[in-house]
Amino acid sequence: MQSCNDHRFDPFGPEADGLPDVGPLPDTGFLPGLPMPPTMTPDTVRQLCKERSGRIFANHDRLRRILDRHELTIQKRWTKKTKHQRLQILLDGWPNMPPMHRPDFVAFRIESPAQRELGTQRRDYFIWPYINQEDLLKPKTLLLMLNSRGRHQPCDFAAADGEAIHLGMITKAIVPIFLNCHVVALNGMTSPEDYGKLIAWEDHEDAFDWFITRKQFMPGEALNISETQDRLMKFLVHCCEQLLHDIPPAELLDDKYPVQPEPTLKPGVEPDSGFDSLAIMAEEAPYRPPGRLDFGRIESLLAARTSAAEDQYEHRQEMLKDTNGKTHLVLQALNIGVFWERVVGTVLVSSHIELEIFSELKRQAEEVKRLQVKYSGALSPLKNLPEEYLIGILRFRFFLDQLAKEWLNDLKMSVAASPPMRRLFDLFFARMPIVVDELERLLRAEPRARDLVSGYVAARIGDLSILCECIRQLDIYQPWANGYEYASMDLQDGLKKDLAKWRDGWAGIYSTIRSKPMLANFRFANPSDKRFFYPTEKRRTKETVEALRRAEANLDAFWEKFDKCLHPRAGDLSKTALWKLLSQKRALQRTLEWVPPPSAPEQAKTNKPAVLSSQDDAINRPLSTLHFELYTSTAGKKSGVAAQPKTKVKKRGTQANTSSAIEPKTTDEQQQQEQQMEDAARNLNLQQDQQPTFSVDSRAFKVFRTLFFHPAVTSTPGEVSWNDFLHAMTSTGFRAENLYGSVWHFQPSQLDVERSIQFHEPHPVGKIPFPMARRIGRRRARAYGWFGGMFALEK
C-alpha cells in the first residue's frame, strides 16, 4: 500500500500532479505559479460524493423504470411537439439554458483569461456544454439522451462527462478542488455504495496505481463529474414526467403499465439527404452511450483513403496578384515553365507522401486490431492493458497525432485568415477532434465561411477528419484512454525514433522530387500547350483517336523520365508503400490505333451489338514497367543475377503535341512485358467473369453509363448530379457516409466484398464533371473489377 507520507505534495513544485518524478500530468486543474486551488477535507468530499451518488442512482433507477414502460410514448409525444412546446419543457426543467451549440466555446470567446481566473460568470456553459437549446430542440437529441442515460449505468459515462469539461479545465473557468493522497472510484462501480467512494492511497493496494494511471479519478475531477450527473439525471426525469403529464408521477411505475420492448432510433443521418453523416454523429455523440473502440471502422477509413493528390493549382501563392493587380513574375510568358515545375512538384510530393502516410497508418491499425482480438478475453476495467497491446495503441495514436498536426499546418497555409476562420485558431489547447468538429460546423452553418473553401481545402479537411476520427475512436477506449499520456511518458523517445525511422524510409522520394534534375523533367508535364488534350467524351474518329494516343504517349514519356530520375537517386524503396503499389500486377489502359468502321452493308451482315467492357477501345500495359526493370537491375547487382539492359530514349525534336518516342525493347524485354500484359488482362477478365449484373433504375443507369462511358453506345456524356451518384452507389449495395469537408465514405453493405472506397463531393457546385466521372469509374474498376456491361436497366 502507498502511504501519502511517502510523497509529500507541493502544489507549486515538480510533483504538482501528485506523481513523483514523472512530470506533470495534463488537466489537473491548476498549474505552477497560479493561485492555490480550493481545498476540502476528506470528510467533506466523502459526504458530498455519498449524497450525490444516492441522488444519481435514485433518479437513474426511476428514469430506467419509466423508459421500460413508456419510452415509445415519450418518443411519439416529443416528436409531435412544436418547437415552442419543446422549449417550454426544457426551460421548465433547466432555467436559463444556453441558447447555442457548444456554449463553452461561446463563453471562452466572450470572457477574457483574467475574467475566468477571477471566476467565470458562465460556469454552467463549461460544465454542461451539451445542455443547450439548439441541440436539445432537435427531434432526436433529447430522446437519445433519455435512452442512453436511462438504460446504461452512470459509471459508463464517468470518463465522458469528465472529458466534456475539458475546455473549462484548460481555460481555468473550472478549477477542481484539491485533495492529495486520495482517489475516487467511479469507473466500473455499479452500486451507490461504491460509486463515488473516496479511497486513501494507504487504504487500498491499488489506489495509488489507479491514480497515476488515471483509471480512477482525482477527488476534484470526481466532484465535477458527480455534479454534472446529479443535475442531469434530475432534469431527464423531469422531462419524462412533463411528457407524461396525464399520468400522475406516483402512478408512472404501476403494474398497469407493463414493461415494453426497447424502441430504436436511427443513427445520425443528414436530415435532407438521409445519408450517414460524421458531422451529425459527432453532434449526437454526447447524447449517446460512450462508444466502443471499433478498429474495423478505423481500418475501413484508412484503407479507403487513396493516394491521389487533389489538384493544387489554385492554391499556389503565384496565383495571387500583388497590391497593384500585377501577375506574379513566374506566370509571365518567359517563366511559365517555372510555375509548372512548382505545381507538378507539389502535386507529386503530396501524392507520394500521402501514400506513405495512409499506408503506414493502415498497417498499424491492422496490427492493433490483431492485438485487440488476441487479448480480448483478458481485459478488465480495473486492470492495465497487456503491455504489447498498450504499446501498439500508443504508437498508433502518436503517429496519428503527429501527422494530424501536419495536416493542420497545411490548412494554415491553404485557408485564408478570414474572420470566420480566424476564431478557430483560439482553440489551440482543445482536443483536435473537437477543433475539427467546430471547423466543420462553421462551414455548414456559415455560407461566408463555406464560400472561402475551395475543393482542395475541402479535401484536406476531409483527410484531417479521417485522422481525427481515428483519434476519437482511440480516446473513447475508457477507462484506459485516460492513462494514455502517463503510459506514454517512458515511451516518448522510442516513439519519436519509430516515427523518424519510418520517415527515413521514404525521405529519398521527397528529396529526389525536389532535386534540380527532377524539376527539369516537370516541364514535360506542362499542360498549357495541350499536350495532354484528351477528348475521351467524343465519338471515336481518326482525329480523336490520334489525340488520345498522343496524350497517352506524352504521359508515358513523362513518367518514364520521372522513374529514370527517381529510382537511382531515392535509395532503397523496397520497404515503401510506393514500391508495394508499383509491384502489383496492374495494367494501364491505352487507346488502340484507329481502325475505320465497317461500311453499312458489312455492319448489317455482322449484326454485332456494342459491348460495354473495360477491354473495349483499349490495350493494356503493365503499370510502371520501367520501375520493375530498374529495380531488377539494382537487385541483380546485389544478388549476382544478370541485369536487364536499360531502355534508351531517342533524341528527337519535340513538337507541340507529340512526345519523345522510345526505341523498341530487346526480345527478352518485349517477352517480359507481353507476359505481364497477358497476366494483367487475364486477371481483369477473370474479375469480369465473376462479377454480378446489377438491375438498376433509369436514374442510376444513366450515372453508370457516364462513369463507364463508351463512345459507341453513349453519344453525349455530360455532368452527373452528386445526389444521383449517391443514389447509384446505394442502389448497388453501398452505405454512404458523409465525412468532413468533401469526403464521402462508401462501405459495402450488400456485396461480397469488404473493401470500402472514398470519393470527394464536387465543390462548390454539386455536379461531377465528365472527366472526374471517368476517374471515378476507373477507380471502381480497379477496386472492384466493375465495368459498364454489369449494369442493366431494370424492367
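What follows draws every value from the coordinates through simple rules; no lab data is involved. Fair warning: this is a prediction, and the values are worked out from it, not measured in the lab. Cβ placement follows ideal geometry from the backbone for every residue including glycine, while neighbour counts extend to all protein chains displayed.
In table form, for the structure just shown:
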| quantity | calculated |
| --- | --- |
| Signed unit charges on C-beta, dipole axis of segment 446-556, positive-most listed residue Cys468, Ala487, Ala547 | Ala547 |
| Debye, to nearest 20: dipole size of segment 41-251, +1 on Lys, Arg Cβ, -1 on Asp, Glu Cβ | 1140 debye |
| Potential lengthening between Glu193 and Glu485 on full extension [0.36 nm per residue; Cα-Cα distance subtracted] | 102.1 nm |
| Local net charge near Phe694, Cβ-Cβ under 14 Å (Lys/Arg +1, Asp/Glu -1) | +2 |
| Mean Cβ count within 10 Å, highest first, over the residues of peptides 749-755, 579-585 | 579-585, 749-755 |
| Surrounding net charge for Arg514, when Lys and Arg each add one and Asp and Glu each subtract one, Cβ distance under 14 Å | +2 |
| Only Lys, Arg (+1) and Asp, Glu (-1) charged, at Cβ; segment 691-795 dipole about Cα centre in debye | 320 debye |
| Linear extension gain, His245 paired with Asp294, 0.36 nm per residue minus alpha-carbon span | 13.6 nm |
| Separation in nanometres of the label points that stand 7 Å from Cα toward Cβ, at Lys767 and Ser376 | 4.9 nm |
| Neighbour net charge for Gly718 - beta-carbon separation under 15 angstrom, K R +1, D E -1 | +4 |
| Integer Hz, Karplus 6.51/-1.76/1.60 couplings in order for segment 159-173, x for Gly and Pro | 5, 5, 5, x, 5, 4, 8, 3, 5, x, 5, 6, 8, 6, 6 |
| Highest average packing first - 133-145, 78-90, Cβ atoms within 10 Å | 133-145, 78-90 |
| Farthest toward positive dipole pole in segment 41-251 [+1 Lys/Arg, -1 Asp/Glu at C-beta], among Tyr130, Gly119, Phe208 | Tyr130 |
| Entries in Lys405/Lys496; Lys362/Lys575; Lys564/Lys585; Lys516/Lys575; Lys76/Lys138; Lys140/Lys256 that, when Cα-Cα distance is taken, lie over 18 Å | Lys564/Lys585; Lys516/Lys575; Lys140/Lys256 |
| Charge dipole (debye, nearest 20) of segment 163-214; +1 at Cβ of Lys and Arg, -1 at Cβ of Asp and Glu | 400 debye |
| Distance in nm between pseudo-label sites at Gln115 and Thr39 (7 Å out along the Cβ direction from Cα) | 3.2 nm |
| Positive-end residue, segment 691-795 charge dipole about Cα centroid, Cβ charges, pick of Phe734, Gln750, Leu793 | Leu793 |
| Placed amide H near Met40: partners under 5 Å, 5+ positions off or other chain | Phe178 |
| 5 angstrom amide H check on Val720, placed H, neighbours 5+ away | Ile768 |
| Cβ crowding within 10 Å averaged over residues, with 353-359, 386-392, 215-221 ranked highest first | 215-221, 353-359, 386-392 |
